[in-house]
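J.: Sharing a structure, written as structure tokens. Questions coming.
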Amino acid sequence: MKTGVETLILPAGVAGAEAAARTLAAGGLVAFPTETVYGLGADAANATAIAHLYAAKGRPAFNPLIAHVAGLSAAQRIGRFDARALKLAEAFWPGPLTLVVPKTEGCPVADLATAGLDTVAIRIPAHPVAQAILRAFGGAVVAPSANISGHVSPTLAAHVESDLSGRIDLIVDGGPVTVGVESTIIGCFETAMLLRPGGLSRERIEAVLGASLVRPTAEGESDDSQPLAPGMLASHYAPRAPVRLNAQEVAPGEALLGFGPARLPGMEAAAAVMNLSPTGDLDEAAANLFGYLRSLDAKGTRTIAVMTIPEEGLGEAINDRLRRAAVAR
Ligand code: TXA
Ligand code: MG
């Protein structure tokens, strides 16, 4: 592992993008904003850099990475897009969508990044800072969320710094992200599968496909040795404090993560209260989710009680992350 690395923090901009591109080309690790969460990037063709990336995050090497590129022609050098995959790419890229497709012959992404699979996960992010870095670098960049494996994903440069300072070379600070949960991952298999709910709602994807998306089976989920998507590792996105879902009341000393205008019995005695969206807006709630979990955790709260959140739109991704945060470790 690369420890004792001096982590440089630069503001986004031309100099930041150029420094990022140089660092990536030299095999270094660069954290940068995408519209979903901050990613930790490495040159997708450099196996040594990717090994450093897994070590810096403490991530199991059987959990494959997403290759990020600036445009569709670069994506098509990495993966094979059938008509259905192309339709999704054209409808939603650049944006918070990742497509899992078969690798091309001579796919430049190192086998270590794809965990030896014959498929590859690809994303074109929309964030202007991510786009500038990808264009300046020229190649594909593998980037998991820029947090210690199992922690809450970072939505601010400060979150990256607190998890990874001293383990990575550069953080490009582009301010808070807008979407706040990771990309939706679609497996372009015989049937299109929703491998991970995320920042693009199921409803919008199904409207373009004209078909409903299938979730992987429970057997696939419990098989930790070959997760279909690592969001599939049971405990994930975990704050230190235990998380209690669908709270109908607040116990003394608990913190409350609220949603919508309703009030709960016991709320006045809560250790802390943060509301993901007082008006009940699921997009706003997604943007606030990880930052609020980090804030409540930082207060040393005993338990985080969470109000019920509707399972529609980005609520599917929010509830997915909260269920994983609630799994006892
Ligand atoms: O929004 C995002 O997707 C962020 C930003 C940085 O782009 N990235 C992100 O990466 O969330 P990560 O590594 O935390 O999650 C990548 C997911 C994992 O669940 C992994 O199992 C899945 O993508 N994945 C990667 N390659 C795959 C493949 N060939 N087949 C199935 N799942 C794959
Ligand atoms: Mg992650």
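J.: Where the second residue is buried (at least 18 other Cβ atoms within 10 Å of the Cβ) and polar (S, T, N, Q) and the first is closer than 25 Å to Val181 by Cβ and assigned by TED's automatic domain parsing to the domain that holds Ala75 and lies in region 135-149, which pairs have Cβ atoms under 6 Å and are six or more apart or on separate chains?
T.: Ser145/Ser153; Asn147/Ser153
J.: Only one of (1) small (Gly, Ala, Ser); (2) farther than 27 Å from Ser162 by Cα; (3) crowded, with 20+ Cβ neighbours inside 10 Å fails for Gly28. Which number is that?
T.: (2)
Residue-wise test of (1) within 25 Å of Pro60 (Cα to Cα); (2) surrounded by fewer than 24 Cβ atoms within 10 Å (Cβ to Cβ); (3) within 16 Å of ligand 2 (Cβ to nearest atom).
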residue	(1), (2), (3)
Pro125	yes, no, yes
Pro128	no, yes, no
Ile133	no, no, no
Gly150	yes, yes, yes
Ser153	yes, no, yes
Ala158	yes, yes, no
Asp173	no, yes, no
Thr184	yes, no, yes
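J.: Looking for whichever is within 16 Å of ligand 1 (Cβ to nearest atom), in contact with a Lys or Arg (Cβ under 6 Å, 6 or more places away or on another chain) and of a type outside the set (D, E, K, R) here; the options are Ala56, Ala12. Which one fits?
T.: Details: Ala12 fails: in contact with a Lys or Arg (Cβ under 6 Å, 6 or more places away or on another chain).
Ala56 is the lone residue from the list that is within 16 Å of ligand 1 (Cβ to nearest atom), in contact with a Lys or Arg (Cβ under 6 Å, 6 or more places away or on another chain) and of a type outside the set (D, E, K, R).
J.: May I ask you to list the residues in region 116-153 that are assigned to a strand (DSSP E or B) and within 14 Å of the chain's Cα centre (by Cα)? Give the steps one after another, and end with the answer.
T.: In the first step, residues of region 116-153 are kept if they are assigned to a strand (DSSP E or B); the result is 119-123, 141-142, 145.
Scanning region 116-153 gives Ala121, Ile122, Arg123, Val142, Ser145.
J.: Please specify each residue of region 252-261 satisfying the condition of being surrounded by fewer than 16 Cβ atoms within 10 Å (Cβ to Cβ) and either within 24 Å of the chain's Cα centre (by Cα) or at pLDDT below 95 (or both).
T.: The first filter runs over region 252-261 and keeps only residues surrounded by fewer than 16 Cβ atoms within 10 Å (Cβ to Cβ), leaving 252-253, 261.
Passing the criteria: Pro252, Gly253.
J.: Do we find that Ala234 is out of contact with any Phe, Trp or Tyr (no Cβ under 6 Å at 6 or more places or on another chain), within 25 Å of Gly187 (Cβ to Cβ), surrounded by fewer than 19 Cβ atoms within 10 Å (Cβ to Cβ) and modelled with pLDDT under 95 in this structure?
T.: Details: out of contact with any Phe, Trp or Tyr (no Cβ under 6 Å at 6 or more places or on another chain): yes; within 25 Å of Gly187 (Cβ to Cβ): yes; surrounded by fewer than 19 Cβ atoms within 10 Å (Cβ to Cβ): yes; modelled with pLDDT under 95: yes.
It is true that Ala234 is out of contact with any Phe, Trp or Tyr (no Cβ under 6 Å at 6 or more places or on another chain), within 25 Å of Gly187 (Cβ to Cβ), surrounded by fewer than 19 Cβ atoms within 10 Å (Cβ to Cβ) and modelled with pLDDT under 95.
The values are calculated or read from the model by the stated rules, or taken from the named source; none is laboratory data. Keep in mind that this is a model prediction, so the values were computed, not measured. When we count neighbours, we look across all protein chains shown, and the Cβ atoms used for this are built from the backbone with ideal geometry, even at glycine.
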